[in-house]
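S.K.: A single structure is presented below for examination.
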Amino acid sequence: MSSADLELAQRCRAGDGGAFEELYRQYSGRLFNLAWRMAGSSDAAEDLLQEIFLVVHRKLDGFRGESSLGTWLYRLAMNHCLDYLRGRQAKMSRATASLDDGEAEPVATGRVSVVARMDLERSIACLPEGCRAAFLLHDVEGFEHREVAQILGISEGTSKSQVHKARLRLRAMLSR
Amino acid sequence: MCPHEPLVDDYVDGALEPSVRSVFEAHLDRCASCSAMVADFRAIRSAATGLEQRPVPSRVWTQIEASLRDDRATVPVPRSGRLLPGFAAKGWVPVAAAASLLILAIGLWTMRRAEAPAPQPAVQVAGNTVAEPVDAELAAGQEHYETAIADLQEIATANRATLDAQTSAVLDSNLSVIDHAIDESRAALTEQPADDTARESLFDALRSKVVLLQDTVALINEMRKGDQDGVARVISGLNQ
């Protein structure tokens, strides 16, 4: 973990309100967009972001620096987003998708040429939550599979498998 | 499925060992399926890294700040009903404000009765001194008004930090003007208890103070909700 991360975390733990705001300013943009793409709406993303940072504030005392501050934040954020989605699914009485959902992989019917941003956003929203999470962390946020595995609490192999599934599904959706 | 397909993702991500990469690249020259998959995955990954980063609404930080302050104080912060199981939506400031409005309603009713008092005879006492009777209804009305003002003031003061410095200063300035009017009216009534003009001025000033404090509480609530339109409406009312 970088010394800047360590210092920021220590200042936050010491009750430095300015440090906590600095942490918020540094990470809120990325976490907001992650929450938006996981939850599918701006209203939910705002609520989730608020809750995420309140949880961060409460749990900072427990941050020991075993991972980077960013990884720790993303793990908290992603757990919150997945809990939200599973809660929503439970309410709608649908079967909860597990990370390895075992569905047959879709087949691309054409070629993906230029990918329009809106088409990709819409397609990401259609991904099952497990591979959506892995795809967002790896391809959108730029985390290595090792880091995705830490954030999602899965193995590196599962992270690669989930990203592969996501790309196959997106390829099928975008090639129609 | 081509047996080399499992290498596509690592190749696209630049994660293949150099020796494996060169073998895979030789394979791509002969395999249309893997070649197409590489091209498509590259297009998807390129688009993914360029996705729009939507700005975070400023109200989110305002709400976080208010929540952290309220965790240290006792007034809870409104939460959305869309949150996770276990996060119950909390009640908030309007409960206390409603109590104050009830007290105010009683005060207003009493004040209306007090505004048109029946003429009261002077009391002749021993000697040549004449003492005016105490207007009990006026005193009762004032007490109710001032109780409502005290309750609203307590709410507004406890949550004042939600307001920015400029808005706070404007509200303080307005309150100062009204308090001055209240003091002057009371001074005039002390000298001349039957002075109807002074009495009306006092009632007007007390009513103005209640309205200003109600608007202050409303402004705090709108700011907490992050409702900019609501904030603009309240401030527009204050400026009038």
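S.K.: Could you put B:Asp70, A:Asp43 in order of accessible surface area, largest first, with the 1.4 Å probe and the full protein assembly present? Walk me through the numbers on the way to the answer.
M.R.: Values: B:Asp70 20, A:Asp43 80 Å².
Putting B:Asp70, A:Asp43 in descending order of accessible area: A:Asp43, B:Asp70.
S.K.: Separate question: How far is helix A:42-59 tilted, in degrees, relative to the longest principal axis of the Cα atoms in chain A, given as a value from 0 to 90 rounded to the nearest 10?
M.R.: Once rounded, the angle reads 40 degrees.
S.K.: How many angstrom separate the Cα center of the range B:160-186 from the Cα center of the range A:116-143?
M.R.: Between the Cα centre of the range B:160-186 and that of the range A:116-143, the gap is 52 Å.
S.K.: Looking only at GluC sites (Glu not before Pro) in DSSP loops with at most 14 other Cβ atoms within 10 Å, what is the longest site-free stretch of chain A? Intermediate results must be reported in sequence, preceding the final value.
M.R.: On the way: sites that count: A:Glu66, A:Glu103, A:Glu144.
For GluC sites (Glu not before Pro) (loop position, at most 14 other Cβ atoms within 10 Å), the longest site-free span of chain A is A:1-65.
S.K.: Return the sequence-ordered ³J(HN,Hα) values of the range A:12-22 in whole Hz as given by the Karplus equation 6.51 cos²θ - 1.76 cosθ + 1.60 applied to θ = phi - 60°, using x for Gly and Pro.
M.R.: 5, 5, 7, x, 6, x, x, 5, 5, 5, 4
S.K.: Something else now. What is the range A:32-74 by shape, rounded, prolate or oblate, if you read a ≥ b ≥ c off the alpha carbon gyration tensor as root eigenvalues and call it rounded for a/c under 1.5, prolate for a/b larger than b/c, and oblate otherwise? Please list the in-between numbers first.
M.R.: Values: a/c = 4.77, a/b = 1.93, b/c = 2.47.
It comes out oblate by the Cα gyration axes.
The values are calculated or read from the model by the stated rules, or taken from the named source; none is laboratory data. Every value quoted in this text rests on a predicted model; they were computed, and no experiment measured them. A quick note on method: Cβ atoms are made from the backbone with ideal geometry, for glycine too, and the neighbour counts reach across all protein chains shown. For the accessible areas, the whole protein counts, side chains as well, though only heavy atoms, and no ligand, DNA or RNA atoms are used. Shrake-Rupley method; radii C 1.70, N 1.55, O 1.52, S 1.80 Å.
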